[in-house]
Each structure stands twice: as C-alpha cells, then as structure tokens.
Amino acid sequence: MHVSHLSLADFRSYARAEVPLEPGVTAFVGPNGQGKTNLVEAVGYLATLGSHRVSSDAPLVRMGADRAIIRAAVVQGERQQLVELELNPGKANRARINRSSQVRPRDVLGIVRTVLFAPEDLALVKGDPGERRRFLDELITARSPRMAGVRSDYERVLKQRNTLLKSAAMARRHGGRQLDLSTLDIWDQHLARAGAELLARRLDLIATLRPLADKAYEQLAPGGGPVSFDYRGPAGIEGAHTREELYEALLAALAEARKQEIERGVTLVGPHRDELLLRLGELPAKGYASHGESWSYALALRLASYELLRAEGDEPVLVLDDVFAELDARRRERLAELVAPGEQVLVTAAVDDDVPGVLTGARFAVERGGVERV
Ligand SMILES: Nc1ncnc2c1ncn2[C@@H]1O[C@H](COP(=O)(O)OP(=O)(O)OP(=O)(O)O)[C@@H](O)[C@H]1O
Ligand SMILES: [Mg+2]
C-alpha cells in the first residue's frame, strides 16, 4: 500500500499542510526543527494510533488549537480509501473512513501500515522493558488489527483490578472492610482471558520474528550475531502451548501472587509485567552491547518487522526518520539497499547528503513551516 496524499490541520507545527505523495522514495529535507518529523509522525499515527515520540496526544495538537486532523488518501492495489482522524486531547478521538459517518478510531487500524525507523528506536534495545512490550504489541496489532480490542480490554481490566487491589491494601492497613475475594476471582479470570490472548500472540510473534531479525542483523553487521530472544513471563508459561493452557498458567500465577498483590495493592502478574530479553551472541543486548551494536539491533528489529508484515499482507510504508545521519557509511549503505525496493519509502534528513544515493525519488524542502516539492 502507499499514501497518495497527506493533509494536516493543526497538527504539531502545521496550521495546514497538503502533501501529494507517490510510490517509491520521497525525501523530506530541511534544517532542524522545521517540521520534517512532524509529517512522518502523522503517517505513523494513522498506522498505530500513537506517536513514536510522545505517549499522549496533547503535544500533537498545534499550540493554541484544540484539535488536530490527520487525513490520508491510501492506495491499496486498485482500491482507494480516505482515512481521517481527529485528535481531541482529553476527549475521545474521532475517525472517519471514506467521509462516511463516524467509526471508532481503532477501525482505522490496518488501512495504513507502516514500519518506522527513528533515533528513538535505540530505546528498544537500551530502554525499559515497556519499550519492548510496546514494540511487540504494536506489531501484533499491525498483524491483526482486531488485537487492538484485546489490548484495550486488557488495559481496562488491569486498571479496575488495580483499583480493587489498592482499596484492599488500604483496608488492610487501616482496618477497613475486607475485600470480597470472589470479586477478585472474577477479575482474575478476565485478566487471564485477555492476558492469555495477548501472550499467545506475543509468543507466536517472537518465534516468527527471531529468524528474520537474525538475518537482518547479519545483513547489517555481518558476523556480529546471532540474535535471539527470551520471553520472561509468569512461571508456568513455558510448558503452556494452547491459549487454554496459557489461561490456566496465568490463573495459577495470579493465585500464587495473590497475597503479595493484596499487600502491595497492585497487579504483579501478566503481560504488562513481562520482559522480552534481547540477546546478541551469548549476552543480553541491554547493558552489554556496544552503541553501534545496539543500533544495528534496533534496525534489525525494524527490518524484521517489515519482512514479516510484507510476507503476511499488504506491503507497509517504510518511514526512515533521520536514521542515516546516525549510521556509519557501511550500515548506511546496507540499510538503504534493503529498503530501496519498498513500495513507498519516506525519508527525512537535515541535508541532502544524508540521503543515500540509492534512494532516489521525489524531494520536498521543509522550511519555515512549508513543505515544497523541489
Ligand atoms: N504542538 C505543537 N505546536 C506548535 N509547534 C510544535 C508543536 N509540536 C512541535 N512543534 C514544533 O515543531 C518543530 C519540530 O518539528 P520536527 O520535529 O518535525 O522537526 P524536524 O524538521 O524533524 O527537525 P530535526 O531535523 O531536528 O529532527 C519544533 O520547532 C517545535 O517547536
Ligand atoms: Mg526530526
């Protein structure tokens, strides 16, 4: 698929922007702080309903405005679709497909597919476990948009269960009313149900992604691997294969943790606590890999995501935000060669020289709030 037109209103630094796009490579070039990343961030938002830079929507709305609009014409083979999102920080966001009446924002998922490379990706390797959980869960949703519903069910159940545990912990400390444990049993079941679904998808994803990441790492940094993953979850999930077995394992782990959970007032077991351990050779990447190795690892994870998504469905748009300037000449060249054949590749760079020669195509100058085809 590719985006044939991007329109923004009150998104980030743009009061308005109209950007006609084509398949193939498009580079956005301009000095720092002029709005290049803002453009590709908008495309990424359509694909994930989130920004790769911030966790809330408020900074995405132009200062002084109260809502932002991202609209894109999307071409998928013979099919054209128009998707539109209205970001209303503090209120519900709204969405439309083909100008029809409103749909839920999550119904838009799957129309725009992206794989986004950015300097922030280094946190995939060096950052907290939450970064890697988000990586997995976003990719799960890209593979299967229906999983957005399961993720939000899980988040909702987790929040309610935490509220219950917190009041139980307070009551325990201050001698208030004891928690009705049968209520907690029900929440355990809900948590384990959505949790098992998420876990099953994560485990399947990791198994599929591992060889692809290993291959990508070898292409970027020959002889530097191998790359492997360990999933660290609740005790008992190693032996679980089916969703039902994962459900039972989660329930058992929750039962085991219950006393501690009631003391601490928080849910201690479930996919929101799990860790994806990334290994390079025998060692964990985090805390051991060099800066350059960590970069190659992060790139390999993105390239593997790209291979996976294109193998399983419609080709995603590749977005490379300012990544070439961060790489040495060899990796820059290899990455450029690997992404060049993509159906649509959007690149941002501060200067022309940062766009590798193999990535020839359209060019836009981004300067003083404008986006001009050059
Ligand atoms: N909500 C907002 N309202 C108004 N301006 C904003 C908002 N969010 C960001 N900006 C402005 O957008 C600019 C940053 O744009 P962007 O990150 O796209 O720059 P860039 O061209 O990618 O720069 P670099 O080359 O440094 O990566 C900043 O000047 C910032 O002040
Ligand atoms: Mg930028």
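Summary of computed values
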quantity	calculated
Interchain or long-range residues, amide H under 5 Å from Phe11's placed H	Arg62, Ile69
Net +/- balance of residues flanking His2 in space, Cβ distance below 9 Å, scoring K and R +1, D and E -1	-3
Charge context of Glu372, other residues only, Cβ under 15 angstrom, K/R +1, D/E -1	+2
Count, lysine Cα pairs under 26 Å in the stretch 121-313, 8 or more residues apart or across chains	5
In range of the label at Gln102: residues from the stretch 49-79 whose backbone nitrogen is under 19 Å from the point 7 Å along Cα→Cβ	49-50, 57-58, 61, 66-72
Alpha-carbon Debye profile of the stretch 213-362, log10 I(q)/I(0) at 0.11, 0.19 Å⁻¹	-0.61, -1.11
Dipole of the chain, positive direction: furthest Cα of Pro226, Val347, His272, with charges on the beta-carbon	His272
Rounded to 5, percent antiparallel among DSSP beta bridges of the chain	65 percent
Segment Ala15-Ser167, extension gain: residue separation times 0.36 nm, minus the distance between their alpha carbons	50.1 nm
Summed side-chain charge close to Trp187 - residues other than Trp187 whose Cβ falls under 13 Å, Lys, Arg +1, Asp, Glu -1	+1
Magnitude of the charge dipole, the chain, Cβ model with Lys/Arg +1 and Asp/Glu -1, debye to 20	1280 debye
Relative counts (whole %) of C-alpha pair distances in the chain, using bins that are 20 Å wide	27, 54, 19, 1
Other-chain or far-sequence residues with amide H under 5 Å of Val115's (modelled H)	Val317, Leu318, Val319
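Read the figures in this text as sums done on the coordinates, not as results from a lab. Please read all numbers here as calculations on a predicted model, not as lab measurements. Counting neighbours? That spans all protein chains shown, and the Cβs are built from the backbone with ideal geometry, glycine included.
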